[in-house]
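The values are calculated or read from the model by the stated rules, or taken from the named source; none is laboratory data. Remember, predicted model here, so these are calculated numbers, not experimental data. Cβ placement follows ideal geometry from the backbone for every residue including glycine, while neighbour counts extend to all protein chains displayed.
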């Protein structure tokens, strides 16, 4: 769930390719399993992302998905991961995505979300690990980039523990409108100050000390 009680600032993180290749295999609780995107999953994606406040409503989420993801349906079937429950209902998602831009080719982790009712079960860590496990075959030798934000400070803890490091100056690109590219901002200094009251002092110190 996004914490919109604090200012929004962009955070850029990256994991080296050798660490991506050596990550531990994900473990799901009993009754859950992974599956990749299937035709018709746009509504499930929109429901999950809206539940964590990424969008105002499912219509806005569906519009985004249909505009920026669905033109690449073949890639979705290889790169978009869901966790489904005992009723085969998707409840978490993450995507092993990519972009080509003036920044070069970037493999990137996109749109990580777990429905609130299923948070605290380890699904977030598992779905991130599962998405990351796709990169060595899909984008061999590529570091994995991640655009996140201060509102996702709970997820920042997870990303850091898995091996992502905050970048002081790096930026990421996102493919939009079925082919256009948006370059993200990097608000490193401002983001650290926003995170200071909401992160444990030792964790914040480690984030700063390891920033690249």
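Scanning region 66-95 for residues that are closer than 18 Å to residue 181 by Cβ and crowded, with 22+ Cβ neighbours inside 10 Å gives 69, 79, 95. Can you say whether residue 182 is assigned to a strand (DSSP E or B), farther than 20 Å from residue 113 by Cα and either without any contact (Cβ under 8 Å) to a residue 40 or more places away in the chain or in contact with a helix residue (DSSP H, G or I) (Cβ under 6 Å, 6 or more places away or on another chain) (or both), as far as the supplied structure shows? In short, yes. Considering 146, 203, 158, 207, the condition of being touching a strand residue (DSSP E or B) at 6+ places or on another chain (Cβ under 8 Å), in a helix (DSSP H, G or I) and either modelled with pLDDT of 95 or more or within 25 Å of residue 6 (Cβ to Cβ) (or both) is satisfied by 207 alone. The condition of being closer than 19 Å to residue 166 by Cα, surrounded by fewer than 20 Cβ atoms within 10 Å (Cβ to Cβ) and in contact with a strand residue (DSSP E or B) (Cβ under 9 Å, 6 or more places away or on another chain) holds for only one of 103, 109, 36, 28, that being 103. Restricting region 185-210 to residues that are under 15 Å from residue 12 (Cβ atoms) and out of contact with any helix residue (DSSP H, G or I) (no Cβ under 7 Å at 6 or more places or on another chain) leaves a set whose member that is surrounded by the fewest Cβ atoms within 10 Å (Cβ to Cβ) is 189.
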